[in-house]
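Data first, discussion second: the structure below is written as structure tokens.
The values are calculated or read from the model by the stated rules, or taken from the named source; none is laboratory data. Since the structure is predicted, the reported quantities are computational estimates derived from the model, not experimental observations. Note: ideal-geometry Cβ built from the backbone for every residue, glycine included; neighbour counts use all protein chains shown. Protein only, heavy atoms only, side chains kept; ligands, DNA and RNA dropped before computing areas. Shrake-Rupley method; radii C 1.70, N 1.55, O 1.52, S 1.80 Å.
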Amino acid sequence: MRGITQQARAAGPAGDPEAQLGAVLGHLMQSYGEQFPALTGALASAAQSGEQDQAWEFGLQRILDGLAALIDERAR
């Protein structure tokens, strides 16, 4: 969550931090992808399924899940 927010702030109002990160990762995978076949496969799968741009929502949900667990634990 914090990282995505910082990326958005650094990219500015017209920037798209996930697109910028995708471009950097694409370049790195072209250069070093053979060394990291699992990562290359995961990135390719995400690109094909269109599941990008969900990191913020995913991160927020994990934080809220953690808070819910903490509240439940303290309520016992």
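Across region 26-37, what is the number of residues that are surrounded by 13 or more Cβ atoms within 10 Å (Cβ to Cβ) and of a type outside the set (Gly, Ala, Ser)?
3
Given the conditions (1) open to solvent by 90 Å² or more (accessible area, probe 1.4 Å); (2) of a type outside the set (D, E, K, R); (3) at pLDDT 85 or above, which single one is not true for Gln54?
Unmet for Gln54, out of (1) open to solvent by 90 Å² or more (accessible area, probe 1.4 Å); (2) of a type outside the set (D, E, K, R); (3) at pLDDT 85 or above: (3).
With respect to Gln61, determine if the residue is at pLDDT below 85 and open to solvent by 80 Å² or more (accessible area, probe 1.4 Å). Please lay out each step first, then the result.
Working: at pLDDT below 85: no; open to solvent by 80 Å² or more (accessible area, probe 1.4 Å): yes.
Here the answer is no, as Gln61 does not meet what is asked.
Restricting the search to region 27-76, which residues are within 21 Å of Gln6 (Cα to Cα) and assigned to a helix (DSSP H, G or I)?
If the condition is that a residue be within 21 Å of Gln6 (Cα to Cα) and assigned to a helix (DSSP H, G or I), then Ala55, Trp56, Glu57, Phe58, Gly59, Leu60, Gln61, Arg62, Ile63, Leu64 are the ones that fit.
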